[in-house]
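To keep things clear, I will list the structure first and then write my remarks on it.
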Amino acid sequence: MHEASLMKGLMKKIEAVAEENGATKIISIKVKLGALSHMSPEHFQEHFDQISPGTIAEGAHIEAEQMTDLSDPHAQEILLESVDVNKP
């Protein structure tokens, strides 16, 4: 359940960036996966592939970096680093 809520929150952030930029498509996203987020880059890709169909982010290229610092204040989070958008 933890992963699902993280992914829903991330998708809301991605969609907000798209709306702010008048984007028609998300080309790519870059994320950092907290050491305690229970996500590997591969696992993140699987979850993203499940949640993105039918959204503006469907088919976006994913760059996911695994963080290792357990004491980082964001260790339980997925941090959205950047979003590449396609504007009309």
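Restricting attention to the range 22-47, which residues are in contact with a helix residue (DSSP H, G or I) (Cβ under 7 Å, 6 or more places away or on another chain) and either surrounded by fewer than 18 Cβ atoms within 10 Å (Cβ to Cβ) or assigned to a helix (DSSP H, G or I) (or both)?
Answer for the range 22-47, where residues must be in contact with a helix residue (DSSP H, G or I) (Cβ under 7 Å, 6 or more places away or on another chain) and either surrounded by fewer than 18 Cβ atoms within 10 Å (Cβ to Cβ) or assigned to a helix (DSSP H, G or I) (or both): His38, His47.
Please determine, by comparing only the residues of the range 1-10 that are exposed (fewer than 14 other Cβ atoms within 10 Å of the Cβ) and farther than 15 Å from Ala57 by Cβ, which one is modelled with the highest pLDDT.
Step one: filter the range 1-10 for residues exposed (fewer than 14 other Cβ atoms within 10 Å of the Cβ), giving 1-2, 4-5, 8-9.
Of the ones still in play, those that are also farther than 15 Å from Ala57 by Cβ are 1-2, 4-5.
Values: Met1: 50, His2: 69, Ala4: 80, Ser5: 83.
Among those that are exposed (fewer than 14 other Cβ atoms within 10 Å of the Cβ) and farther than 15 Å from Ala57 by Cβ, it is Ser5.
For Lys13, state whether it is at pLDDT 90 or above, basic (Lys, Arg) and part of a helix (DSSP H, G or I). Spell out the reasoning first.
Details: at pLDDT 90 or above: yes; basic (Lys, Arg): yes; part of a helix (DSSP H, G or I): yes.
So Lys13 fits the description; yes.
The values are calculated or read from the model by the stated rules, or taken from the named source; none is laboratory data. Since we're looking at a predicted model, the values are computed, not measured. As a convention, Cβ positions derive from the backbone with ideal geometry for all residues, glycine included, and neighbour counts pool all protein chains shown.
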